[in-house]
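See structure below.
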């Protein structure tokens, strides 16, 4: 029987199948952070259950962490309490923990790939919806709830119904200025935020094959925004080159043996999917959102669609926009470049390349928030810090930051923020804040101009 990439990885991890029911799936790697783990630890303690395989758990502090003065005691009581609790739990159960100040600290979905913890063919879970990021390596990676976190703690397994399969094919040549973030925003806008519901999505076609690993991670990260359980891309030479040599990746002969297995994971020719879509790369342009879900997106030069229902009316009213209007010329006061979607070195190189020798507009507050301490070292080593500083951008320390306003980094009510994050829900970046999703390149251009522009004319 012809199998998809998803089938191959899933079937290799099935411990037991319940007749006419769910399957027990073994989990290779469990990632945790300070927000969704405390209740799970408490549940196990109350039931007198220990952790089954703590060596397969990696913890970091990221969601609630401040992005300024991380060497000082945390001022916010909730944040301080959660991180203290995670520290205690990790020490108690011998879990690897990269807390604030550790050289490997950072956003969970940034540090795991860059350390070589994430590898093809794995099953990976975390109490965070954007765990789908790791699917870029040909892994089955998905977010879980607190009760499921406790299940993995106790058994290293989950009881699950196998999702249906979906493939999105994008072939052709991307236009000037179109980045991986634009590709996934276009897919979501075209197919809808419910198009992936009940599915695990494989991305295929030359556009994804030609992407860097950073770009693939951006795409898979936002699979959740089309309703999918997760997204994945077949491993190839680009994947292997990225993984090889990283801190916790296999070494020498072990790596070659792993690579031989990873090569077998690609979808078989003739394998069938439950749903399949085909998109031409040439139709994708630099994208921007105008509403309160990631599916409300347009090419930056297009007009906002007319409202068609009460939900659209509500979204446009919240954003202060009108159908048929273009966003070109719209003043913007805040730009946020960071999050688990776009806070890797490639993202900051793209920003630095555009803003070099320029200065941000006077009305702009521009935040640069690296995804990890490793990325901090990279931007310093490559001289990007000077470029950001000279352009008037503020560089913060690693963390989720203004992606979700769970920390001190919030956008004021009523203000527009062009953000490289993944969600633009009402109040996502702070009560009353208005979020416009875009690529790092788009965000950089808007920061320089202080308004939304068609920057493609300025590109070489």
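Just a few scattered comments:
- Being more than 23 Å from residue 292 (Cα to Cα) and crowded, with 20+ Cβ neighbours inside 10 Å is a property that holds for residue 202.
- Residue check for residue 178: in contact with a strand residue (DSSP E or B) (Cβ under 7 Å, 6 or more places away or on another chain) and touching a residue at least 40 places away in the same chain (Cβ under 8 Å): no
- Spans of strands (runs of 3 or more DSSP E) in the stretch 68-167 with at least 1 residues without any contact (Cβ under 8 Å) to a residue 40 or more places away in the chain: 96-98
- Test: residue in the stretch 93-102 that is closer than 30 Å to residue 269 by Cβ and under 23 Å from the mean Cα position of the chain (by Cα): no
- For the stretch 247-300, filtering for residues that are out of contact with any helix residue (DSSP H, G or I) (no Cβ under 7 Å at 6 or more places or on another chain), over 30 Å from residue 445 (Cα atoms) and assigned to a loop (DSSP other than H, G, I, E, B) leaves 11.
- Yes/no for residue 327 being closer than 22 Å to residue 451 by Cβ, in contact (Cβ under 8 Å) with a residue 60 or more places away in the chain, surrounded by 18 or more Cβ atoms within 10 Å (Cβ to Cβ) and not assigned by TED's automatic domain parsing to the domain that holds residue 139: yes
- Whichever residue in the stretch 394-409 is modelled with pLDDT of 95 or more and surrounded by fewer than 24 Cβ atoms within 10 Å (Cβ to Cβ) and, among such residues, is farthest from residue 35 (Cα to Cα): 394
- Residues considered: 328, 337. Of these, the only one that is closer than 25 Å to residue 444 by Cα and in contact with a helix residue (DSSP H, G or I) (Cβ under 7 Å, 6 or more places away or on another chain) is 337.
- All told, residue 433 meets the bar of being free of Cβ contacts under 8 Å to residues at least 60 places away in the same chain, within 22 Å of residue 333 (Cβ to Cβ) and either out of contact with any helix residue (DSSP H, G or I) (no Cβ under 7 Å at 6 or more places or on another chain) or surrounded by fewer than 21 Cβ atoms within 10 Å (Cβ to Cβ) (or both).
- Count of the stretch 230-245 residues which are surrounded by fewer than 24 Cβ atoms within 10 Å (Cβ to Cβ) and assigned to a loop (DSSP other than H, G, I, E, B): 4
- Flag if residue 77 is within 17 Å of residue 406 (Cα to Cα) and either surrounded by fewer than 19 Cβ atoms within 10 Å (Cβ to Cβ) or in the same structural domain as residue 122 (by TED's automatic domain parsing) (or both): yes
- Selection within the stretch 385-414 - in contact with a helix residue (DSSP H, G or I) (Cβ under 8 Å, 6 or more places away or on another chain), closer than 19 Å to residue 110 by Cα and assigned to a helix (DSSP H, G or I): none
- Here 337, 332, 304, 300 are screened, and the one residue that is crowded, with 22+ Cβ neighbours inside 10 Å and more than 23 Å from the chain's Cα centre (by Cα) is 332.
- Qualifying residue in the stretch 349-370 (condition: in contact with a strand residue (DSSP E or B) (Cβ under 7 Å, 6 or more places away or on another chain), farther than 30 Å from residue 98 by Cα and modelled with pLDDT under 95): no
- The stretch 134-193 - residue that is within 21 Å of the chain's Cα centre (by Cα) and on the phi > 0 side of the Ramachandran plot and, of those, surrounded by the most Cβ atoms within 10 Å (Cβ to Cβ): 138
The values are calculated or read from the model by the stated rules, or taken from the named source; none is laboratory data. The shown structure was predicted, so the numbers you read here are calculated from the model rather than taken from an experiment. Neighbour counts run over all protein chains shown; Cβ positions are idealised from the backbone, glycine included.
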